[in-house]
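Structure, as structure tokens:
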Amino acid sequence: MDLKTTNMNKTISRRRLIVCAWIGAAVVVIGELIVGSFAFLWPRKTQGKGEKIFVAGKVRDFKVGEVIYFRKEKTFIKKLEGGFLAFSAVCPHLNCVVTWNEMLKKFECPCHGAKFDPNGEVIEGPPPRPLDLYKLQIVDEKLVVDTASPMVRKNFDPSQIVKG
């Protein structure tokens, strides 16, 4: 009998197979935990997805201090004393959709507990920047919002308010 033939017929024991399977499963689980942790901690970049323009309504239909959510467009419109702001409802941290808490007068992210003030600035949590703004225009007494390219900002500036 040839030495090469005996090496080819060598079988693995049942115990050794189970140990290898457990080690492989542990490696997969640890790898998923590491990748998942980095994905959670690393903020995502914004992505414009083509032309998306919608009419939010007539200027006179909005009340001062009111925040209206447009679900399909993932957009908040806020009426201020001097005009309007159009916020992206997508959190700049993990792309979760934030909600407006009317009682506390702040935006809240359900994914990681971030909180934003009424002007979209971070007051609590891990987001790297305020909520993005959308370009807003008043055409024929109607609010027209362009969601194609969110405006990334560092903080609130009164010049961001669209007079109307």
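Please report the projected area of segment 71-110's Cα convex hull averaged over all directions, in nm².
Averaging across all directions leaves 3.3 nm² for the Cα convex hull.
If R₀ is 45 angstrom, what is the calculated FRET efficiency for the pair A148 and L17, using the beta carbon separation as r and rounding to 0.05?
Calculated value: 0.25.
Can you give the relative contact order of segment 53-163 as a percent, counting alpha carbon pairs under 8 Å and 6+ residues apart?
In percent, rounded to a whole number, it is 26.
Would you mind getting me the FRET efficiency between Q137 and D117? Use the beta-carbon distance for r and R0 = 25 Å, nearest 0.05.
Efficiency, from the Cβ-Cβ distance: 0.50.
Based on the Cβ-Cβ distance from E66 to F40, what FRET efficiency comes out when R0 is 30 Å, to the nearest 0.05?
That gives a FRET efficiency of 0.35.
So what are the radius of gyration and Dmax for the Cα set of segment 53-163, in Å?
13.0, 40
Each value in this text was obtained by applying a stated rule to the coordinates, not by laboratory testing. Quick caveat, the model's predicted, so the values are computed rather than measured. Neighbour counts are summed over all protein chains in view; Cβ atoms, including those assigned to glycine, are modelled from backbone coordinates with ideal geometry.
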